[in-house]
Every structure is written in structure tokens, then in C-alpha cells.
Amino acid sequence: MWRTAHLFVTIGLPVAAFVTISLPRGVAVFVLAALYTGGKNFSEGSKKMVIFQITAFLILLLVIGRKFRIPLVEAVPVGSVVLTLLLYLLSFFRALSFSDVAALLVTAAGAAYLLLGSREKRREILAFSQRELSSPGFVAALLMTIFMAVCVGGKVVSWWDDYNFWATDVKSLYYLDGFAGRYANVAAEFGDYPPGTQMMKWWFLHFSGEFREGLMFAGYYFLNLSFLFPFLKVLKKWDRLTLAGMLAGGAALWLFPAVAEVFWTDGCCADLTMALVYGGFLAAAADRQGHGRFFYYGRQGLYLMLLVLCKNTGFLWAAFGLLFTYGYHFLCCRKENTQKEERKRDRKALFWVTICPVAAEGSWLGFCLLNRRVAKLTGAAIQMATGAMGIPAVQEKMVRAFGEAFTKWPLHRGKTPGLDLTPLGLYVLLLVFVFLLYRFRVLAKGQAVYAGSFLAVTGAVFYGINLASHLTIFAVETQYLEPFGMISSIERYGAPFAIGGLYLIAFYLTRGGESLKGALICILFVFLATDHGGAYRALLGYREAAGNELARREEILDDKARQFLEAIGAGGKEGNGHGEDKIAGHGRVLYLRDISDVSWVRNTYINYEAAPVSVMYGNVDVSSMDSGDILKALEDAHAGFLYVDELAKGGRELLAPLAWEGDFAYGCLYQAVEGEHGICLVKRG
């Protein structure tokens, strides 16, 4: 934890000089004390280009803020998306670390522009930087980021989906410096899952010289918070109430997702990130006044690109988002009575907004197609569409569970002292909120009718799709036959609607961060309706569970698994071997055990520990299999390497015909090579 603290409090070093100039004395002393505490151990971090990375990011935020005349907290989500897309592009070339060079170039260019410019321009830039970097909203965002990163420094992977993909894939990215090659991706059953949420996790991990799970969570939470920071615009000046406003606002931002989503508290749930991006997009589409065409439409395009790269279902929310912005465009054109030429430019800009998510989705799907990356759910959907998948006759039970969960169970899955909103309750409440916004003249009649109709229709469409998916593609998963399992699905996959809708209401209510009264109403609602326990567990209350989870890992990974991990060189940048001959990023291992030793839970934990090496699993029945079955298993797994634990009597004789030396040894890594008489196994090491 303290190593994380020393690393992340130094985030403020590049801006300390600016920030402390204009801060009230007490707050300035607090910030400087934090910076000094972290700076004592900064020499290690400086080797990792931390200062240049953070400075370049701050320069990016300042450029966005100054160019488009927006507060720095409003530039944070835009800058985060730009950084994410840059890292996404570098990942294709296994060149994520090149971001160090890019950061150095940006920092040098910023310094040169400042020093070589005229004195008047330099004075104007410094004045803008000082004003924005010392603004209460940005200082609150900065301190919140530092506090969050320090608190989650001891967090470890514990959520099943993180083991299955979200953490395992980040580990591969970290060690390989980008995407793995064909048939070499970890978590092979989830091969086409988009990597949009993974990039910021990698960036935070890059701040350290080792893979540390707490930094992965810090990156995940920062990306989520970046889309909430614009609400801190309401903190405009320093006075005696500012500190209280910073504390209340920061707490409300952290607690807000727990109103309607719970999985983010224990894991890196991509659905929450997708929900906040979707909410940010809806607000960006509604935030037309005071922005130029390039920023107004450009920001929408960037958000939609990230939205489709968060998860495979992102295209649905991107479609809903485009529907919203098309309608908003039509309303504004009628209201403002714009000229024909202006309308033509707007339509052209809308076209490019539409192209952005299509291009982003196409880039990822094209990469997956070339590298044969297909998720098991994608395959199941194809089988269902072609009639090759049998659907269990559980429709009546599934509909009953859906109805009970939708109408009776809280979105955060448990009882709290405050307001526990069911999916139906929140759906109705969103429409009531829109009506109240009209009633109190926050929204004009046309805006209220449009926003209400949009939320009503998209909510009904989504929940209909959600029910249909449980009756078809998820029908084989029996946990959804119970209301608890069903509400877990509804609240998770419905997070973009629930949280995105609340985000839009909050934007209207605060008038884009301008209304203090609206902000106070939002804070009160969040404090009443959130899952305080879950939000606390995400930040601090995880510690005992983290120790238990590490002990559980030790228990699940038996001695044979540890021997296997050592043989393949797991958890290292090189893997087993060097250059094109190494396993990690270039090949896959088939790990075979006896038919009496089947454990898909253990396999999932091995996958995480083995990353960046790609592993698939099988079990051998010596009594019914021959060497040809082993070769077929290698071919089906697209594996270039084989590792076999001790099998039942006769197993060595079954494998001996495949070995180059004519004798097969258990517990050794073999490479499958093409020989004169077909595939043979050559011992590695």
C-alpha cells in the first residue's frame, strides 16, 4: 500500500508550482506535504518516465481546455479518451512503451512552445494554467485521484470475470507491450472482447516496474471517475465552504455508481465504464450551447469510439446514443432556425460522428478476424442463429425470475438503510425526474418530451432484449433461474441505461455543472439511494477479503500447477525462450491432466497466473484414447506446445510415439514441430 502511496502522491509534482501559487494557505500546505511525502521515494518512479507521462497528460488537458475554452475538469474525460485511443493504436504494434517517447516529445514540444512564444502569449498561457490547475474543481479531482490510488493499492483480483478475462488480459498487455499474435491470446474463450477499458489499467501499471494488481484497479477507477469529474465544475471559487463542497462532491462521485451497479466494487466491471461513457455521451449531445462545432461533435465521436471498445454490447448503446444525438440535432435546428449552410455543416459533422464508432468497431473486429479471436458467447450466438444450439425448456421459470427481479429486487442486490431502487422503480423514477425538470422550468417542453420519450423507449427496448437473451443465449446458465442471479444480470447489463439515464438527469439538473442547488439535490439523492457498504468495500473495506483471496489462490494452485507455471516461464516479459521462439505472445500451450483430475476453477486461476502465456486445457482417458487423439487435441487448441502431468497407467506409452527421443517425460514442456512423418514433440529446456 505504502509503495503505491509514494508513487501516486507524486502525480501532483508536475503541477505543484502552478497549483500552490493561488491556493488558500492551508490547502497549499496540505498539497505540498502530500507531494513531499511521495517525492522522497520518487527516484525509482522517475526511471519509469512517470513524470513525463503525467506531465504530457496534463499538457494535453491544458491544450484541450484552452483551445475549446472549457474548465480543466471538463477536459479530463476527453483527454482520457484520447490517451486510451492512442494506447489502443500502439497495442496493435506491440509498442505500448513507445508512449514514453510520445510523452517526452509532448513535454518537450510544450516547453518549446512556451519558451519560444512571445512574452504576451507566454503570460496568457501561464495565467490560464495557473487559474485552471488551482481551481477548486481540478484540485478536488487531483486529490481524489491520489486518495483513490493510495486506498486501492492493496486490492487484489477476486471477481470471477476478472480471472476469466479482464485482469488476465491486462496482465498479458503489460508483459507483451501490446496484443498477442494469432492463437496466442490469453483467456482464449473470450478472444474478441474489446480492450477499451484495458488501456488505462496498463497506463497505471506502467508507472511501476512490476505487475501490481492495486495499480490495475487504480487505472480502472480513474477512467470511470474521469467521466464524473466534469460535475466538479460547480466548485468555482475558494471560500470557507469550498473544502466541505470538495469533500461532499468527491464522496458523491464515488458513491454514485453504487446506486445502480455493484460489480465494480469488487472487480473491473466493463459495464460500469460503458455506462459512464454512455452517460457522458448523452450529456455531451445535450451540451450544445457555448461550444464550437468541432468540439461539440468531436467529443461525441471520441466517446462513441470508446463506448464500442468497452465491450461487445457497446454497439447497442452507441446506436441508442446516435439516435439521441440525431433527435437533439433536429430539435436544435428547429429551435434555432439555423441557416441552410449551417444545417449542412451540422449534418456532415453528424455523419463523421456516426463513422467514428463504426471505424473503431471495425478495427477491432478486423484484428480479431485476422488473428482468429472468437469468444465462446459469440460462437453460441452464431449456433443459436443457425439452429445448431439446443435451448433448454426453462422459459417459464426464466420469465418468472425476471419478473420478480425486475419489480422487487434492489439494483444493488441488497437492503440498505436508504432507498433501494428496483429496475422498474428506477425506470419510472427517471421519467418522473424528467417531468419535474419540466415542471420547475429546468427543461423546455420540447426537451422534456424528447428526453422522456427517449428514456422510456430505450429502456423498454433494452429490458426486452435482456429478457430475450435470457430465454435464448443465456438459457443454459441456471443461476438466472433464481431472482438473485437474475437481478445480478439485469443491474450489470442494464447499467448503461440506469446510470446513463441518471447521468443525463444530473447534467440537466446541474445545468452542466453551473447550478449549486441542482448539485446539492444530486448529492442528497446519491447519499439516500446508494449502496454505502459496497462503495466502502471498493475503497477500503476489501483488505480482509484480499488476504483470504490470496490464501484461496495458494490453495487452488496445487504443486503440479506450480510446476507447470515454472516450466512455461509464467509471469514474465520473456516467457519461455527468446525472440520469436518464446511462447508468450507467439504460441499456445496445451496442458493435459488425467481424466480423474478435472477442475475448470483451477484452470481459470492457472490462466491468470500463466499470463502472458496462452494456455488451453484437456483431460486424457488412457483407456479410450490414442496418440492420434493427442495430436487432434493439439490441432483443435491451435497449440504449438504440450505439457502433460502424470497420467494413469499406460499414459507414457500412449505419448511415446509422438516424442522425438522416443521416450516421453511427464512434467516437461514439449514443442510440436513438423517432421518428415508428421508432428513430433521436442523437449524444451
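Rg/Rh for the stretch 435-477: what does it come to with C-alpha atoms and Rh from Kirkwood?
With Rg and the Kirkwood Rh in hand, the quotient comes to 1.32.
Taking only the Cα atoms of the stretch 557-683, how large is their convex hull per residue, in Å³? If you can, show how the numbers build up before the last one.
On the way: hull volume 12.5 nm³, N = 127.
Residue-normalised Cα hull volume stands at 98 Å³.
Using Cα atoms only, what is the angle between the long axis of helix 559-568 and the major principal axis of the chain, expressed in degrees (0 to 90) to the nearest 10?
The angle comes out at about 80 degrees.
When the Cα centres of the stretch 390-440 and the stretch 447-490 are compared, how far apart do they sit, in Å?
A separation of 9 Å, based on Cα centres.
Which length gain, in nm to one decimal place, applies between residue 536 and residue 339 when the Cα-Cα distance is subtracted from 0.36 nm times their residue separation? Could the numbers behind the result be given before it?
Numbers: separation 197, 0.36 × 197 = 70.92 nm, distance 5.25 nm.
Taking 0.36 nm per residue and subtracting the Cα distance, the gain is 65.7 nm.
Can you check how the C-alpha radius of gyration of the stretch 88-149 compares to 2.2 N^0.38 Å, as a plain ratio? If you can, show how the numbers build up before the last one.
Working: Rg = 16.2 Å, N = 62, 2.2 N^0.38 = 10.6 Å.
Relative to the rule-of-thumb radius for its length, the stretch 88-149 sits at 1.54.
Suppose R0 equals 60 Å. What FRET efficiency, 1/(1 + (r/R0)^6) with r the Cβ-Cβ distance, do residue 123 and residue 416 give to the nearest 0.05? Walk me through the numbers before you get to the answer.
Numbers: r = 52 Å, r/R0 = 0.87.
Calculated value: 0.70.
Please give the helix 98-116 orientation as an angle from the longest Cα principal axis of the chain, in degrees from 0 to 90, rounded to the nearest 10.
Value to nearest ten degrees: 20.
Could you check the simple spin-label distance between residue 352 and residue 623, using points 7 Å along Cα→Cβ, in nm with one decimal?
Spacing of the two 7 Å Cα→Cβ label points: 6.9 nm.
Just from its helices, what would the mean residue ellipticity at 222 nm be for the chain, if runs of 4 or more DSSP H residues each count -39500 (n - 2.57) and the sum is divided by every residue, rounded to the nearest 500 deg cm²/dmol? Don't skip to the answer; put the middle values down first.
Values: 30 runs with 424 residues, N = 685.
Here the helix-only value at 222 nm equals -20000 deg cm²/dmol.
Give the order of 166, 660, 264, 159 when sorted by the count of other beta carbons within 10 angstrom, beginning with the fewest.
Working: 166 23, 660 14, 264 26, 159 17.
Exposure proxy ranking, most exposed first: 660, 159, 166, 264.
Taking 8 Å as the Cα distance limit and 6 or more residues as the minimum spacing, I'd like the relative contact order of the chain as a percentage. The partial results should precede the final answer.
On the way: 1032 pairs, mean separation 108.0, N = 685.
The value is 16 percent.
Against the longest principal axis of the chain, how steep is helix 270-286, in degrees 0 to 90 to the nearest 10, with axes from Cα atoms?
So the inclination is approximately 30 degrees.
Show me the chymotrypsin sites (Phe, Trp or Tyr not before Pro) within the stretch 431-513 that DSSP assigns to loop and that have at most 15 other Cβ atoms within 10 Å of their Cβ. Working shown, then result.
On the way: sites: 433, 435, 438, 440, 450, 454, 462, 463, 474, 480, 484, 493, 497, 503, 507, 508; in loops: 440, 474.
Loop-located and lightly packed - 440.
Which FRET efficiency value, to the nearest 0.05, is calculated for residue 323 and residue 663 with the Förster distance at 56 angstrom and r the Cβ-Cβ distance? Mind showing how you got there, number by number?
Details: r = 66 Å, r/R0 = 1.17.
For residue 323 and residue 663, the calculated efficiency is 0.30.
Cα convex hull of the chain: mean projected area in nm², to one decimal? Each step should come with its number before you reach the end.
Values: hull surface 133.6 nm².
Computing the convex hull of the Cα atoms and averaging its projections yields 33.4 nm².
A 27 angstrom limit on the alpha carbon distance is what I want to check against. Which of 201/311; 67/236; 155/236 exceed it? The partial results should precede the final answer.
Values: 201/311 15 Å; 67/236 20 Å; 155/236 34 Å.
Violating the 27 Å limit, Cα to Cα: 155/236.
Need one number: % antiparallel among DSSP beta bridges in the chain, to the nearest 5. Please report the intermediate quantities before stating the final value.
Details: 10 of 22 bridges.
Counting DSSP beta bridges with both partners in the chain, the antiparallel share is about 45 percent.
Taking only the alpha-carbon positions of the stretch 406-542 and ignoring solvent, what does the Debye formula give for the base-10 log of I(q)/I(0) at q = 0.12, 0.13, 0.17 Å⁻¹?
-0.55, -0.64, -1.00
Every number in this text was worked out from the coordinates using simple rules, so none of it is lab data. Here the structure is a predicted model, which means the values were calculated and not measured. For neighbour counting, all protein chains shown are included, and Cβ atoms are generated from backbone atoms with ideal geometry for every residue, glycine included.
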